Amino acid sequence: MRLLLGLLFSFLVAAIFGLGLTQFALTRGTAFGAITIGAWTAWPKTGTTDIDPYARAAIARSGELPIGSGDGVAFFAASDDAGKPLDGRCAVTLSGTTPAARFWTLTLYDLDGRLVPNAADRYGFTSQEVSRHADGTFSILLAPRARPGNWLPTGGIDRYVVVLRLYDTPVGVATRTAKDAPMPSITAGACA
Amino acid sequence: MIRWLLWLVGGLVLGGIVHLATVLLLPRTATQDAYTRLTATAPVNSVVPVPAPTPDDALLPFMDPAFATAVCRYDLSSGPLQLRVPVSQAYTSVSFYARRGIAYYAINDRAAGRRIIELDLMTAQQRAELPEDEEVTAADRLIVESPTRTGLILVRMFGPEPGLMPMARRALASAQCRPQT
């Protein structure tokens, strides 16, 4: 009887711990092969056959097709430089330069990878569309209401992610530091 | 007390095994992976455009809205496949994904170095069965080996600004993938 109870207890612990760990790893993402520069993180290995089992399971579950390494690399940011989650009700400024690439695109998504709905039907910028300062740097304002300059509407949603994709770029598996890949800073401003 | 602690440790070890097993087995059991999502809209071995993503409706998550995208859902069981993609003016890329979504090869217009990206897709076995002389005449052809019998080819053309998207979409319409004759 005692043995049975013990076994039952063990199996229960195994199921909760094992499945919980899997759920956690797949929703939170893993650190394997990640490049972190400021608030930005990229997983260049996910676009190769060297993809780790966790990323493999995560893409099978979400249905995402990761960008191939011969095509480009995607950097994700879900929080600002201070570590505060990006909030669609607040103004957020992206400014600086981007790593060397033929071109880049910047897009806002909700946490499930859907485009952020907004009245202007504007979901992102490409490097050709952004207007720059005289020194070649740029700033993009993410805010719920229209602003002058490079404005991207956040639609006032709670949480979102910014994805900066570099195409035809030397940035990849060998990239380690911000010196190889200067990413724009992310600063939170006033909230509505 | 000690006995229960032992049962707990045993449970945690078993939990670790359960965790690893579920992570490794999950790709096989996924019902919402990219290939399955595209099965309804994309017939086998032909290029079909993927509708531009909108907030309410996107075939796949995290699609880049700055691109016109088309997909070829391939099945190599009846033989190798031929892919022809005329290069657009802005940027064109072709990415290959195995059945479970692993990106095993990608090429862009600059790497291809000509006006048209032209290549043959086959399994390792089909490549091994290629006649010797054909391999020589095919020396200037790009041959890509697919690790799985089925998979996805994503053809993408960049639209630098919204006004240029119709052009990208038109250029995309002339992409072809079809069984080799």
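Please give, to one decimal in nm, the separation of the simple spin-label points placed at B:Ile17 and B:Glu145, each 7 Å out from Cα toward the Cβ.
3.6 nm
Can you list the residues, at least 5 places off or on another chain, whose amide H is less than 5 Å from the amide H of B:Ser146, using H built in the peptide plane?
Sorted by chain and number, the residues that satisfy this are B:Met122, B:Thr123, B:Ala124.
Using the Cα centre of the protein assembly as shown as origin and beta-carbon charges of +1 (Lys, Arg) and -1 (Asp, Glu), tell me which of A:Leu4, B:Tyr35, B:Pro80 is placed farthest towards the positive end of the dipole.
Of A:Leu4, B:Tyr35, B:Pro80, it is A:Leu4.
Which sequence of B:Glu145, B:Glu129 reflects their accessible areas, 1.4 Å probe, from the largest down?
On the way: B:Glu145 80, B:Glu129 125 Å².
Output order, biggest surface exposure first: B:Glu129, B:Glu145.
With each run of n ≥ 4 DSSP H residues scored as -39500 (n - 2.57), what mean residue ellipticity at 222 nm is computed for the protein assembly as shown after dividing by its residue count and rounding to the nearest 500 deg cm²/dmol?
Numbers: 8 runs with 94 residues, N = 373.
The helix-only estimate for the protein assembly as shown comes to -8000 deg cm²/dmol at 222 nm.
Taking a ≥ b ≥ c as the square roots of the Cα gyration tensor eigenvalues, with a/c under 1.5 meaning rounded and otherwise prolate when a/b beats b/c, else oblate, which class fits chain A? Show your work: numbers first, answer last.
On the way: a/c = 2.59, a/b = 1.70, b/c = 1.52.
Verdict is prolate for chain A.
Enter the angle in degrees (range 0 to 90, nearest 10) between the Cα long axis of helix A:53-62 and the first principal axis of the Cα atoms of chain A, meaning the one along which they spread out most.
Approximately 70 degrees, to the nearest ten.
If you plug each phi of segment B:75-86 into the Karplus form 6.51 cos²θ - 1.76 cosθ + 1.60 with θ = phi - 60°, what whole-Hz ³J(HN,Hα) values come out, in order, with x for Gly and Pro?
9, 8, 5, 9, x, x, 10, 10, 10, 10, 10, x
For segment A:78-95, what does the Karplus curve 6.51 cos²θ - 1.76 cosθ + 1.60, with θ = phi - 60°, yield as ³J(HN,Hα) per residue in whole Hz, taken in order and with x for Gly and Pro?
Once θ is set to phi - 60°, the couplings for segment A:78-95 become 10, 9, 7, 4, 8, x, 7, x, 5, 10, x, 8, 10, 8, 10, 10, 9, 8 Hz.
May I ask you to compute the full-extension gain from A:Val173 to A:Ala120, defined as 0.36 nm times their residue separation minus their alpha-carbon distance, rounded to one decimal in nm?
Working: separation 53, 0.36 × 53 = 19.08 nm, distance 3.65 nm.
Extra length from A:Val173 to A:Ala120 when fully extended: 15.4 nm.
Given the Cα-Cα distance of A:Leu12 and A:Ala100 and 0.36 nm per residue of separation, how much length would full extension add, in nm?
Additional length available on full extension: 26.5 nm.
Calculate the mean, over all residues of peptide A:35-46, of how many other protein chain Cβ atoms lie within 10 angstrom of the residue's Cβ.
Mean number of neighbouring Cβ atoms from other chains: 0.
Any idea of the accessible area per residue across the protein assembly as shown, 1.4 Å probe, to the nearest Å²? All intermediate terms of the calculation are to be shown ahead of the outcome.
Working: 18150 Å² over 373 residues.
Accessible surface, normalised per residue, equals 49 Å².
Would you work out if the protein assembly as shown is rounded, prolate or oblate? Take a ≥ b ≥ c from the square roots of the eigenvalues of the alpha-carbon gyration tensor; rounded if a/c is under 1.5, else prolate when a/b is larger than b/c, oblate otherwise.
On the way: a/c = 2.02, a/b = 1.11, b/c = 1.83.
It is oblate, given that a/c is not under 1.5 and a/b is not larger than b/c.
Kindly identify chain B as rounded, prolate or oblate by the Cα gyration tensor criterion: order the square roots of the eigenvalues as a ≥ b ≥ c, call it rounded if a/c is under 1.5, otherwise compare a/b with b/c, prolate if a/b is larger, else oblate. Don't skip to the answer; put the middle values down first.
Numbers: a/c = 2.79, a/b = 1.58, b/c = 1.76.
Cα axes put chain B in the oblate bin.
Could you go through segment B:26-39 in sequence order and give the Karplus-derived ³J(HN,Hα) for each residue, using 6.51 cos²θ - 1.76 cosθ + 1.60 with θ = phi - 60°, rounded to whole Hz, and x for Gly and Pro?
Result, rounded to whole Hz: 4, x, 6, 9, 4, 9, 10, 6, 4, 4, 5, 4, 8, 4.
The values are calculated or read from the model by the stated rules, or taken from the named source; none is laboratory data. Everything numeric in this text was worked out from a predicted model, so none of it was measured. Cβ atoms come from the backbone with ideal geometry, glycine included; neighbour counts cover every protein chain shown. What goes into the accessible areas is simple: the full protein's heavy atoms, side chains included, and nothing from ligands, DNA or RNA. Shrake-Rupley method; radii C 1.70, N 1.55, O 1.52, S 1.80 Å.
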